[in-house]
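Report on the structure given below.
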Amino acid sequence: GEETEEQRKLLEQIGTAGKILAKCIVDQQLSSVCFTSAVYKKLLLHPLTLDDLEDVDKELFHSLEWVLECNADEEDLGMYMCVDTRDTSGNVVTIDLVEGGRDIEVTETNKSEFVDKMLHWRLVDRVAAQMDALVAGFHSV
């Protein structure tokens, strides 16, 4: 949707926080700021793994671990290659993790792809604008 003035200001503030964090590092100043491993990895441009999800969303982490460990063809997962979430107005929307994902059942064959796509959605896509602002601010110093 259209970016509101409030959202634009928030992204600007997040970018400023990235600059301050980088300045602290450049000047070798201690900072009491704590981030999840996912944020540090994004700042350092490192790839994310399922383990990075544990600090962010423990319930989803354990669910995705279970999906990887189970035999998806023997279990009735009732899961599809999509995720339901809420938009900024609070309405439930379905996000396809792959094209036509709401019509593709999670199976033993595609469960690893499902976990990868879900991980990417939760740690990257869902917070892309905010993370991009933080990383851009951080790397501008």
*Working only within region 3-46, note down all residues that are over 21 Å from the mean Cα position of the chain (by Cα) and either among the basic types (K, R) or exposed (fewer than 10 other Cβ atoms within 10 Å of the Cβ) (or both).*
E5, E6, K9, K19, K23, V26, D27, Q28, Q29, L30, S32
*Please work out which one of (1) open to solvent by less than 70 Å² (accessible area, probe 1.4 Å); (2) over 30 Å from G100 (Cα atoms); (3) of a type in the set (D, E) is the condition D52 fails and give its number.*
(2)
_Name the single residue that is farthest from F114 (Cα to Cα) among those in region 74-90 being open to solvent by 50 Å² or more (accessible area, probe 1.4 Å) and at pLDDT below 90._
S89
*Among V93, V83, V127, which is β-branched (V, I, T) and in a helix (DSSP H, G or I)?*
V127
*asked:* Give me the residue from region 93-131 that is in contact (Cβ under 8 Å) with a residue 60 or more places away in the chain and open to solvent by 30 Å² or more (accessible area, probe 1.4 Å) and, out of that set, farthest from E54 (Cα to Cα).
replied: A129
_Some residue of region 56-66 being touching a residue at least 60 places away in the same chain (Cβ under 8 Å), assigned to a loop (DSSP other than H, G, I, E, B) and either farther than 23 Å from L11 by Cα or open to solvent by 30 Å² or more (accessible area, probe 1.4 Å) (or both)_ = yes
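In region 15-50, how many residues are assigned to a helix (DSSP H, G or I) and more than 30 Å from F114 (Cβ to Cβ)? First the steps, then the outcome.
Going residue by residue through region 15-50, those that are assigned to a helix (DSSP H, G or I) are 15-26, 37-43, 50.
Cutting the leftovers down to more than 30 Å from F114 (Cβ to Cβ) gives us 15-26.
The qualifying residues number 12.
The values are calculated or read from the model by the stated rules, or taken from the named source; none is laboratory data. Here the structure is a predicted model, which means the values were calculated and not measured. Quick reminder, even Gly has a Cβ in these numbers, built from the backbone with ideal geometry, and neighbours come from all protein chains shown. Accessible surface is based on the protein model in full, side chains and every heavy atom, while ligands, DNA and RNA are left aside. Shrake-Rupley method; radii C 1.70, N 1.55, O 1.52, S 1.80 Å.
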